[in-house]
Amino acid sequence: MTETGTRTRVLIIDDEKGMRDMLSFTLGKKNFDVTVAESGEKGVAAAIDGDFDVVVCDIMMPGLDGIKFLEILKRERPMVEVIIVTGYPHPERLARARELGAFDFLSKPYAMAALCPLLEAAAARKRARLKN
């Protein structure tokens, strides 16, 4: 929940249905407003059409991968924060994501206890940037 009482809006982009379903269910129970997309292409469309605070995006996806998604998103919606998740934390990819403006990274598998504080911190950063 944000300081204004509105729910933090989160977009989950992952090609694994089980991961999307688990995150949607669990984050919804924790009072986040969650939307899911199963590909980078659908994630771009959702992110541009929607008004999200934070995106959680997998790097390794067929078609438009997480790095390319991040590049497009930061050009189109630079205020939206992005948390990159990956089962293959390759240092060069993570460095590229950081250059493109990723808020932070998580290696799969990760605990919800690690993700939730990152979501709140990323949303707080977006709110602070919008105020200035």
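Against the numbered list (1) within 13 Å of the chain's Cα centre (by Cα); (2) part of a helix (DSSP H, G or I), MET79 comes up short only at (2).
Taking the numbered list (1) surrounded by fewer than 17 Cβ atoms within 10 Å (Cβ to Cβ); (2) within 16 Å of ARG127 (Cα to Cα) in turn, ALA45 passes all entries but (2). None of LEU70, LEU100, LEU64 is crowded, with 17+ Cβ neighbours inside 10 Å, touching a helix residue (DSSP H, G or I) at 6+ places or on another chain (Cβ under 7 Å) and within 18 Å of LYS17 (Cα to Cα) except LEU64.
State all residues of the stretch 8-22 that are charged (D, E, K, R) and in contact with a Ser or Thr (Cβ under 8 Å, 6 or more places away or on another chain); if no residue qualifies, say none.
If the condition is that a residue be charged (D, E, K, R) and in contact with a Ser or Thr (Cβ under 8 Å, 6 or more places away or on another chain), then ARG9, ASP15 are the ones that fit.
Applying a threshold of 9 Å to beta carbon distances and a minimum spacing of six or more residues, or different chains, the list of pairs starting in the stretch 8-28 at a residue that is open to solvent by 10 Å² or more (accessible area, probe 1.4 Å) and ending at one that is polar (S, T, N, Q) reads ARG9/THR35; ASP15/SER39; SER24/THR35. Read through the list (1) open to solvent by 20 Å² or more (accessible area, probe 1.4 Å); (2) within 17 Å of ILE12 (Cβ to Cβ); (3) among the hydrophobic types (A, V, I, L, M, F, W, C); (4) in a helix (DSSP H, G or I), then give the number of the only condition that LEU106 fails. Single failed check for LEU106: (4). Scoring LEU119 on the criteria (1) in contact with a helix residue (DSSP H, G or I) (Cβ under 7 Å, 6 or more places away or on another chain); (2) open to solvent by less than 30 Å² (accessible area, probe 1.4 Å) leaves a single failure, condition (1). Going through (1) over 25 Å from ALA128 (Cα atoms); (2) surrounded by fewer than 16 Cβ atoms within 10 Å (Cβ to Cβ); (3) among the charged types (D, E, K, R) one by one, ASP51 falls short only on (1).
The values are calculated or read from the model by the stated rules, or taken from the named source; none is laboratory data. Predicted, not measured: the structure shown is a model, and the values here were computed from it. In this analysis, Cβ positions are derived from the backbone assuming ideal geometry, glycine residues included, and neighbour counts consider all displayed protein chains. These accessible areas exclude ligands, DNA and RNA; they are computed on the full protein's heavy atoms, side chains included. Shrake-Rupley method; radii C 1.70, N 1.55, O 1.52, S 1.80 Å.
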